[in-house]
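The next block holds one structure in the form of C-alpha coordinates; read it before the comments.
The values are calculated or read from the model by the stated rules, or taken from the named source; none is laboratory data. Only a predicted model underlies this, so the values are computations on that prediction, with no experimental measurement involved. Cβ placement follows ideal geometry from the backbone for every residue including glycine, while neighbour counts extend to all protein chains displayed. The accessibility values were calculated without ligands, DNA or RNA, using every heavy atom of the protein model including side chains. Shrake-Rupley method; radii C 1.70, N 1.55, O 1.52, S 1.80 Å.
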Amino acid sequence: MIELLISHLRTAESVAVLTGAGVSAESGIPTFRDAQTGLWARYDPHELATPEAFRRNPRLVWEWYAYRRGLVAAAAPNPAHLALAALERRTPDFTLITQNVDGLHRRAGSQNVVELHGNITRTKCFDEDVVVERWPATGDVPPCCPSCGGPLRPDVVWFGETLPAAAWNAATAAARRCQVFLCVGTSGVVQPAADLPFLARRSGAYVAEINLAPGALHDQLDAQLYGPAGEILPRILAALETIGE
Ligand code: OAD
(Lines give C-alpha, C1' and ligand atoms only; values in the text may rest on other atoms or scores of the structure.)
Protein backbone atom coordinates (compact mmCIF):
# COMPACT_ATOMS: atom_id res chain seq x y z
CA MET A 1 0.00 0.00 0.00
CA ILE A 2 2.83 2.38 0.81
CA GLU A 3 4.38 1.62 -2.60
CA LEU A 4 1.19 2.66 -4.41
CA LEU A 5 1.02 5.90 -2.44
CA ILE A 6 4.66 6.59 -3.22
CA SER A 7 4.10 6.01 -6.94
CA HIS A 8 1.14 8.45 -6.89
CA LEU A 9 3.23 11.01 -5.01
CA ARG A 10 6.08 10.63 -7.49
CA THR A 11 3.95 11.73 -10.43
CA ALA A 12 1.63 14.19 -8.67
CA GLU A 13 1.94 17.83 -9.71
CA SER A 14 -0.45 18.87 -6.97
CA VAL A 15 -0.60 17.47 -3.43
CA ALA A 16 -2.75 18.57 -0.50
CA VAL A 17 -2.38 17.39 3.08
CA LEU A 18 -4.87 17.75 5.95
CA THR A 19 -3.27 17.47 9.37
CA GLY A 20 -4.76 17.16 12.83
CA ALA A 21 -3.54 16.98 16.38
CA GLY A 22 -1.88 13.58 15.82
CA VAL A 23 0.86 15.19 13.75
CA SER A 24 1.97 17.20 16.79
CA ALA A 25 1.55 14.37 19.33
CA GLU A 26 5.19 13.34 18.95
CA SER A 27 6.16 16.94 19.80
CA GLY A 28 4.48 16.42 23.17
CA ILE A 29 1.31 18.38 22.42
CA PRO A 30 -1.81 16.54 23.57
CA THR A 31 -4.45 15.56 21.00
CA PHE A 32 -8.15 16.16 21.63
CA ARG A 33 -9.88 12.79 21.42
CA ASP A 34 -7.32 10.13 22.37
CA ALA A 35 -8.64 8.30 25.45
CA GLN A 36 -6.73 9.24 28.64
CA THR A 37 -4.33 11.76 27.08
CA GLY A 38 -6.71 13.76 24.83
CA LEU A 39 -7.63 17.26 25.99
CA TRP A 40 -11.37 16.56 25.61
CA ALA A 41 -10.98 13.54 27.90
CA ARG A 42 -9.83 15.86 30.67
CA TYR A 43 -11.61 19.13 29.90
CA ASP A 44 -15.10 19.99 28.70
CA PRO A 45 -14.97 21.86 25.37
CA HIS A 46 -18.23 23.60 26.23
CA GLU A 47 -16.51 25.20 29.23
CA LEU A 48 -13.40 26.26 27.31
CA ALA A 49 -13.82 26.47 23.57
CA THR A 50 -17.02 28.32 22.76
CA PRO A 51 -17.91 32.05 22.67
CA GLU A 52 -20.50 31.37 25.40
CA ALA A 53 -17.82 29.85 27.66
CA PHE A 54 -15.68 32.95 27.15
CA ARG A 55 -18.59 35.26 27.96
CA ARG A 56 -19.32 33.22 31.10
CA ASN A 57 -15.77 32.93 32.36
CA PRO A 58 -13.23 34.84 30.26
CA ARG A 59 -10.49 34.41 32.85
CA LEU A 60 -10.74 30.59 32.87
CA VAL A 61 -10.72 30.41 29.07
CA TRP A 62 -7.80 32.87 28.74
CA GLU A 63 -5.77 30.93 31.31
CA TRP A 64 -6.46 27.58 29.64
CA TYR A 65 -5.19 28.96 26.34
CA ALA A 66 -2.21 30.52 28.12
CA TYR A 67 -1.38 27.02 29.45
CA ARG A 68 -1.64 25.60 25.93
CA ARG A 69 0.45 28.47 24.50
CA GLY A 70 3.13 27.49 27.00
CA LEU A 71 3.08 23.88 25.76
CA VAL A 72 3.42 25.07 22.17
CA ALA A 73 6.29 27.47 22.98
CA ALA A 74 8.19 24.66 24.69
CA ALA A 75 7.60 22.18 21.83
CA ALA A 76 9.62 21.69 18.66
CA PRO A 77 8.61 20.34 15.24
CA ASN A 78 8.99 16.55 15.00
CA PRO A 79 10.04 14.35 12.04
CA ALA A 80 6.44 14.34 10.70
CA HIS A 81 6.39 18.15 10.41
CA LEU A 82 9.86 18.14 8.86
CA ALA A 83 8.95 15.44 6.31
CA LEU A 84 5.88 17.43 5.21
CA ALA A 85 8.03 20.53 4.74
CA ALA A 86 10.44 18.46 2.64
CA LEU A 87 7.55 17.02 0.61
CA GLU A 88 6.45 20.57 -0.19
CA ARG A 89 9.92 21.42 -1.53
CA ARG A 90 9.74 18.58 -4.07
CA THR A 91 6.10 19.11 -5.16
CA PRO A 92 5.21 21.82 -7.72
CA ASP A 93 1.85 22.66 -6.10
CA PHE A 94 1.57 21.78 -2.42
CA THR A 95 -0.95 22.93 0.18
CA LEU A 96 -0.71 22.04 3.83
CA ILE A 97 -4.13 22.41 5.40
CA THR A 98 -4.02 22.12 9.17
CA GLN A 99 -6.60 22.02 11.93
CA ASN A 100 -3.80 22.62 14.42
CA VAL A 101 -3.34 25.99 16.04
CA ASP A 102 0.22 25.36 17.22
CA GLY A 103 2.14 26.88 14.29
CA LEU A 104 4.58 23.93 14.21
CA HIS A 105 4.25 23.38 10.45
CA ARG A 106 5.62 26.84 9.70
CA ARG A 107 8.33 26.39 12.30
CA ALA A 108 9.32 23.18 10.47
CA GLY A 109 9.69 25.13 7.21
CA SER A 110 6.30 24.58 5.52
CA GLN A 111 5.42 27.62 3.39
CA ASN A 112 1.95 27.21 1.93
CA VAL A 113 0.09 26.59 5.17
CA VAL A 114 -3.67 27.04 5.50
CA GLU A 115 -4.71 27.31 9.15
CA LEU A 116 -8.37 26.30 9.30
CA HIS A 117 -8.76 26.77 13.06
CA GLY A 118 -6.53 29.83 13.56
CA ASN A 119 -3.32 30.14 15.55
CA ILE A 120 -2.96 30.05 19.31
CA THR A 121 -0.03 32.46 19.29
CA ARG A 122 -2.21 35.24 17.86
CA THR A 123 -4.65 37.33 19.91
CA LYS A 124 -7.73 39.22 18.78
CA CYS A 125 -10.40 41.47 20.20
CA PHE A 126 -13.49 39.48 21.20
CA ASP A 127 -15.86 42.32 20.27
CA GLU A 128 -14.18 43.75 17.16
CA ASP A 129 -12.72 40.50 15.75
CA VAL A 130 -9.43 42.18 14.75
CA VAL A 131 -5.94 40.87 15.51
CA VAL A 132 -4.18 42.79 18.29
CA GLU A 133 -0.40 42.62 18.73
CA ARG A 134 0.16 44.75 21.80
CA TRP A 135 -1.98 45.73 24.73
CA PRO A 136 -1.50 47.79 27.87
CA ALA A 137 0.00 45.89 30.83
CA THR A 138 -2.89 46.57 33.21
CA GLY A 139 -2.74 43.14 34.83
CA ASP A 140 -6.29 42.34 33.65
CA VAL A 141 -6.97 38.71 32.75
CA PRO A 142 -7.84 38.54 29.94
CA PRO A 143 -6.07 41.72 28.88
CA CYS A 144 -8.05 44.59 27.34
CA CYS A 145 -8.21 45.67 23.72
CA PRO A 146 -6.16 48.86 23.25
CA SER A 147 -8.80 50.22 20.88
CA CYS A 148 -12.20 49.44 22.48
CA GLY A 149 -11.28 48.23 25.98
CA GLY A 150 -13.13 44.93 25.44
CA PRO A 151 -11.62 41.55 26.36
CA LEU A 152 -8.92 39.93 24.22
CA ARG A 153 -9.14 36.26 23.20
CA PRO A 154 -6.97 33.78 21.31
CA ASP A 155 -7.34 33.93 17.51
CA VAL A 156 -8.64 30.38 17.20
CA VAL A 157 -11.92 28.99 15.92
CA TRP A 158 -14.25 27.86 18.69
CA PHE A 159 -17.17 25.47 18.47
CA GLY A 160 -20.13 27.25 16.92
CA GLU A 161 -17.92 29.72 15.00
CA THR A 162 -17.34 29.76 11.26
CA LEU A 163 -13.94 29.09 9.75
CA PRO A 164 -12.00 32.02 8.28
CA ALA A 165 -13.44 32.32 4.75
CA ALA A 166 -10.09 32.77 2.98
CA ALA A 167 -8.65 29.67 4.66
CA TRP A 168 -11.69 27.56 3.82
CA ASN A 169 -11.68 28.72 0.19
CA ALA A 170 -7.97 27.92 -0.15
CA ALA A 171 -8.51 24.49 1.42
CA THR A 172 -11.42 23.50 -0.83
CA ALA A 173 -9.60 24.76 -3.94
CA ALA A 174 -6.54 22.68 -3.02
CA ALA A 175 -8.67 19.60 -2.33
CA ARG A 176 -10.37 19.97 -5.72
CA ARG A 177 -7.21 20.35 -7.78
CA CYS A 178 -4.80 17.88 -6.11
CA GLN A 179 -3.94 14.42 -7.43
CA VAL A 180 -2.92 13.11 -4.00
CA PHE A 181 -4.59 14.06 -0.70
CA LEU A 182 -3.14 12.89 2.62
CA CYS A 183 -4.97 12.92 5.97
CA VAL A 184 -2.44 12.83 8.76
CA GLY A 185 -3.22 12.43 12.46
CA THR A 186 -6.83 13.53 12.42
CA SER A 187 -9.86 11.71 13.78
CA GLY A 188 -11.88 13.14 10.88
CA VAL A 189 -14.91 13.95 12.99
CA VAL A 190 -14.88 17.75 13.07
CA GLN A 191 -16.72 19.52 10.27
CA PRO A 192 -16.22 21.11 7.88
CA ALA A 193 -12.55 19.95 7.76
CA ALA A 194 -13.65 16.30 7.74
CA ASP A 195 -15.31 16.84 4.34
CA LEU A 196 -12.06 17.77 2.60
CA PRO A 197 -10.82 14.19 1.94
CA PHE A 198 -14.16 13.34 0.33
CA LEU A 199 -14.15 16.50 -1.74
CA ALA A 200 -10.67 15.55 -2.96
CA ARG A 201 -11.76 11.99 -3.72
CA ARG A 202 -14.85 13.12 -5.65
CA SER A 203 -12.54 15.39 -7.65
CA GLY A 204 -10.36 12.41 -8.64
CA ALA A 205 -7.54 12.47 -6.06
CA TYR A 206 -5.90 9.40 -4.54
CA VAL A 207 -6.65 9.81 -0.82
CA ALA A 208 -4.58 8.15 1.90
CA GLU A 209 -4.74 8.25 5.68
CA ILE A 210 -1.80 8.12 8.07
CA ASN A 211 -2.90 7.50 11.63
CA LEU A 212 -2.01 5.45 14.68
CA ALA A 213 -5.21 3.43 14.32
CA PRO A 214 -8.28 3.16 12.08
CA GLY A 215 -10.63 6.10 12.69
CA ALA A 216 -13.80 7.56 11.21
CA LEU A 217 -12.32 7.83 7.74
CA HIS A 218 -10.62 4.50 7.43
CA ASP A 219 -12.94 2.51 5.16
CA GLN A 220 -13.75 5.35 2.80
CA LEU A 221 -10.31 6.20 1.48
CA ASP A 222 -7.89 4.63 -1.03
CA ALA A 223 -5.10 3.72 1.38
CA GLN A 224 -4.46 3.52 5.11
CA LEU A 225 -1.04 3.51 6.73
CA TYR A 226 -1.11 2.84 10.45
CA GLY A 227 1.68 3.93 12.76
CA PRO A 228 3.20 7.13 14.15
CA ALA A 229 3.26 9.94 11.58
CA GLY A 230 6.81 10.74 12.71
CA GLU A 231 7.91 7.36 11.40
CA ILE A 232 5.70 6.86 8.35
CA LEU A 233 6.16 10.27 6.72
CA PRO A 234 9.99 10.20 6.84
CA ARG A 235 9.84 6.67 5.35
CA ILE A 236 7.70 7.92 2.47
CA LEU A 237 10.03 10.83 1.90
CA ALA A 238 13.13 8.66 1.97
CA ALA A 239 11.55 6.32 -0.60
CA LEU A 240 10.63 9.25 -2.84
CA GLU A 241 14.15 10.55 -2.67
CA THR A 242 15.89 7.28 -3.43
CA ILE A 243 13.77 5.08 -5.71
CA GLY A 244 13.48 5.72 -9.42
CA GLU A 245 15.21 9.09 -9.69
P1 OAD B 1 -8.22 14.42 17.48
O2 OAD B 1 -7.68 14.41 18.85
O3 OAD B 1 -9.70 14.31 17.30
O4 OAD B 1 -7.58 13.22 16.66
C5 OAD B 1 -6.19 12.98 16.68
C6 OAD B 1 -5.92 11.80 15.79
O7 OAD B 1 -4.52 11.63 15.70
C8 OAD B 1 -6.50 10.47 16.28
O9 OAD B 1 -7.17 9.84 15.19
C10 OAD B 1 -5.27 9.66 16.72
O11 OAD B 1 -5.41 8.27 16.46
C12 OAD B 1 -4.19 10.26 15.82
N13 OAD B 1 -2.81 10.18 16.34
C14 OAD B 1 -2.38 10.35 17.62
N15 OAD B 1 -1.04 10.28 17.69
C16 OAD B 1 -0.60 10.07 16.42
C17 OAD B 1 0.69 9.89 15.82
N18 OAD B 1 1.81 9.95 16.55
N19 OAD B 1 0.75 9.70 14.49
C20 OAD B 1 -0.38 9.64 13.73
N21 OAD B 1 -1.61 9.79 14.24
C22 OAD B 1 -1.74 10.01 15.55
O23 OAD B 1 -7.64 15.72 16.76
P24 OAD B 1 -8.14 16.45 15.43
O25 OAD B 1 -8.62 15.47 14.42
O26 OAD B 1 -7.07 17.38 15.05
O27 OAD B 1 -10.84 21.95 16.97
O28 OAD B 1 -9.37 17.27 15.98
C29 OAD B 1 -10.00 18.18 15.14
C30 OAD B 1 -10.44 19.41 15.90
O31 OAD B 1 -11.16 19.01 17.06
C32 OAD B 1 -9.30 20.23 16.45
O33 OAD B 1 -8.76 21.11 15.50
C34 OAD B 1 -9.97 20.96 17.56
C35 OAD B 1 -10.75 19.85 18.18
O36 OAD B 1 -11.87 20.21 18.89
C37 OAD B 1 -10.99 23.14 17.55
O38 OAD B 1 -10.43 23.44 18.59
C39 OAD B 1 -11.90 24.05 16.79
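Counting only protein heavy atoms and a 1.4 Å probe, the stretch 20-171 has 47 square angstrom of accessible area per residue. The amide H of Lys124, built 1.01 Å from its N in the peptide plane, has Val132, Arg153, Asp155 as neighbours under 5 Å, considering only residues 5 or more places off or on other chains.
Sorting 126-138, 63-75 by their mean Cβ neighbour count within 10 Å, with the most densely packed peptide first, gives 63-75, 126-138. The label-point distance for Cys148 and Glu3, in a model that sets each label 7 Å from Cα toward Cβ, rounds to 6.0 nm.
I need the peptides 170-182, 139-151 ranked by packing, meaning the mean over residues of other C-beta atoms within 10 angstrom, with the highest value on top. Please report the intermediate quantities before stating the final value.
Values: 170-182: 21.5, 139-151: 14.6.
Most protected by this proxy first, the peptides run 170-182, 139-151.
Rounded to the nearest Hz, the phi-derived 3J(HN,Hα) couplings of the stretch 52-63 under the Karplus curve 6.51 cos²θ - 1.76 cosθ + 1.60 (θ = phi - 60°) are 5, 4, 5, 5, 5, 8, x, 5, 4, 5, 4, 5, where x marks glycine and proline.
Which value, in debye to the nearest 20, gives the size of the charge dipole of the chain about its Cα centre, when Lys and Arg are +1 and Asp and Glu are -1 at the Cβ?
Values: 21 positive and 26 negative charges, 47 e Å.
About 220 debye.
How big is the convex hull of the Cα atoms of the stretch 63-108, per residue, in Å³?
Convex hull of Cα atoms, per residue: 63 Å³.
Residues in the stretch 184-245 average 45 Å² of solvent-accessible surface per residue, probe 1.4 Å, ligands and nucleic acids excluded.
Subtracting the Cα-Cα distance of Ala73 and Ala165 from 0.36 nm times their residue separation leaves 30.4 nm of extension gain. For His218 and Asn57, the difference between the fully extended length at 0.36 nm per residue and the C-alpha to C-alpha distance is 54.1 nm. The fraction of Cα-Cα pairs per 10 angstrom bin, counted from 0 for the chain, comes to 7, 31, 34, 18, 7, 1, 0 percent, rounded to whole percents.
To the nearest Å, what is the center-to-center distance of the stretch 213-245 and the stretch 131-146, using C-alpha atoms only? That distance is 44 Å. Packing here is the average count of other Cβ atoms within 10 Å per residue, and on that basis the peptides 87-96, 216-225, highest first, run 87-96, 216-225. Phi-derived couplings, Karplus 6.51 cos²θ - 1.76 cosθ + 1.60 at θ = phi - 60°, listed residue by residue for the stretch 168-174: 5, 5, 5, 5, 5, 5, 5 Hz, with x used for Gly and Pro.
Along the stretch 141-155 the Karplus relation, 6.51 cos²θ - 1.76 cosθ + 1.60 evaluated at θ = phi - 60°, assigns HN-Hα couplings of 10, x, x, 9, 5, x, 8, 10, x, x, x, 8, 9, x, 8 Hz to successive residues, with x for each Gly and Pro.
Under the simplified labelling scheme, the Thr37-Asn112 pair shows an inter-label distance of 3.2 nm, with each label point 7 Å from Cα along Cα→Cβ.
With kT/(6 pi eta Rh) evaluated at 20 °C and eta = 1.002 mPa s, and Rh the Kirkwood radius from Cα pairs, the stretch 96-198 diffuses with a coefficient of 141 µm²/s according to Stokes-Einstein. Charge dipole of the stretch 1-58 (Cα centre as origin; +1 on each Lys and Arg Cβ, -1 on each Asp and Glu Cβ, all else neutral): 160 debye, rounded to the nearest 20.
Between Asn78, Asn169, Asn119, the GNM of the chain built on Cα springs shorter than 10 angstrom shows Asn169 fluctuating the most. Straightening the chain between Ala137 and Arg10 buys 40.5 nm, computed as 0.36 nm per residue apart minus the Cα-Cα spacing. Within the listed set Pro77, Pro164, Pro154, the residue fluctuating most in the Gaussian network model of the chain (springs between alpha-carbon atoms under 10 angstrom) is Pro164. Ligands, DNA and RNA left out, the 1.4 Å accessible surface of the chain is 53% carbon and sulfur atoms.
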